[in-house]
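Okay, structure first, notes after.
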Amino acid sequence: MIKVAVNGYGTIGKRVADAVSCQPDMEIIGVSKTKPGAEAYVAKERGYPLYIADIGKKDAFIKAGLEVAGSVEEMIQKADIVVDATPGGVGEGNKALYEKYQKKAIWEGGEEHELAGFSFNSSCNYDQAIGRQFARVVSCNTTGLCRIIKLIDSVFGVKKVRATMVRRGGDPGDIKRGPIDAIVLNPVTIPSHHGPDVQSVLPHISIVTSAMIVPTTLMHMHFINMELKNPATKEQVIELIKAHSRLGLIEKSTGITSTAELKEFTSDLLRPRGDLWENGIFADSLSVLDGTDLYLFQAIHQEADVVVETVDCIRAMAGDVKTAMESISITNKAVGLTAIR
Ligand SMILES: NC(=O)c1ccc[n+]([C@@H]2O[C@H](COP(=O)([O-])OP(=O)(O)OC[C@H]3O[C@@H](n4cnc5c(N)ncnc54)[C@H](OP(=O)(O)O)[C@@H]3O)[C@@H](O)[C@H]2O)c1
């Protein structure tokens, strides 16, 4: 069993912990918090040993009825692999600890590519992660872009990608972020950083991205245009998407034309936390004009898509499962990812 520690039990960390704990080849040996709170109670409820960043705060946890298994440093020593899901920018400071104990570590998309020196996406470069000490699972938006671009590029060739991200203002539980009533150009300059981030996984792809933030918490929405090297038909692209387990197809017959209806759908399907781990590609939006000009809308559930990727990244770095297809299949089966259509 691969012993996994989750350093930072928040939006992503709590999902990674649950996804890891249901894998046949992995176990959670601990999760960490800085302060007692609702998520710490959930960790206790789940039976995950709780470690804390600053052991001087142990009394506050004990007073709150939360048992403390030890410090983050102690947790790291017990793990084979640490998933660092601390807030963006915080994870960088933990690298010295992972190096000190010669542990494998995975950071999430809030950290820079250079920190790990390798950016991961299951559908694109699983084999390059095998046996590595450090990796970064790219952000939710980049994950969603990489999955669809890689598929289309491998079959038709992609000459150029243009994509606009309509991004959620904050996660549903995040009361501090906005906007409340604005469309914020983020950044106002074009291109946004998302294109270069895609190139950290798919360096040969020519891509220009732009992004804005809107007052919603549920999901992001991407508008993507790909100029293809070879002609395609809508039907061909739909069949390819149907065959890719991390690309969900939102069929016209569902009547779903929004992130709100999509989130309701995944909740009704009894997905944990209503999570959509795959891209939500709107079948009816998919158009191929003049044979080589592909357009589509896709919804990206920011809290969920990187979770299954992180599980695959753990497996690749541990080294026993050699192909992406095999790992993706194990991960999907364990979490209950079956086609949403
Ligand atoms: N949220 C998203 O939509 C999303 C999507 C994709 C990728 N990501 C990336 O995933 C990473 C985590 O983001 P998140 O949204 O999950 O953050 P989050 O919800 O703020 O959770 C971060 C967790 O880390 C804990 N923490 C803070 N400082 C710590 C420290 N020094 N040591 C140990 N734990 C610490 C916090 O615990 P306390 O509350 O106790 O301080 C909190 O539980 C970031 O790189 C982010 O960019 C986020």
Trypsin sites (Lys or Arg not before Pro) within the range 82-188, DSSP loop, no more than 13 other Cβ atoms inside 10 Å = 176, 177
With a 1.4 Å probe and every protein chain left in place, work out the accessible area per residue of the chain in Å², rounded to a whole number.
-> 43 Å²
Given charges of +1 on the Cβ of Lys and Arg and -1 on the Cβ of Asp and Glu, with all other atoms neutral, how large is the dipole of the chain about its Cα centre, in debye to the nearest 20?
-> 240 debye
Using Cα pairs under 8 angstrom and six or more residues apart, how large is the relative contact order of the range 140-300, in percent?
-> 27 percent
Which value, in debye to the nearest 20, describes the size of the charge dipole of the range 283-329 about its Cα centre when Lys and Arg Cβ atoms bear +1, Asp and Glu Cβ atoms bear -1, and nothing else is charged?
-> 220 debye
Accessible area of the chain belonging to carbon and sulfur atoms, whole % at 1.4 Å probe | 53 percent
Length gained when the stretch residue 268-residue 251 is fully extended (0.36 nm per residue, less Cα-Cα span) = 4.5 nm
Cα centroid separation - the range 164-211 against the range 253-269, whole Å | 23 Å
Taking max minus min of the Cα coordinates of the chain on each principal axis, largest first, gives extents in Å of 66, 45, 39
How many angstrom separate the Cα center of the range 23-78 from the Cα center of the range 92-160?
-> 27 Å
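The values are calculated or read from the model by the stated rules, or taken from the named source; none is laboratory data. Treat the numbers as computed from the prediction; the structure is a model and nothing was measured. All Cβ positions, even for glycine, are placed from backbone atoms using ideal geometry, and neighbour counts span all protein chains on display. SASA here: full protein model, heavy atoms, side chains in, ligands and nucleic acids out. Shrake-Rupley method; radii C 1.70, N 1.55, O 1.52, S 1.80 Å.
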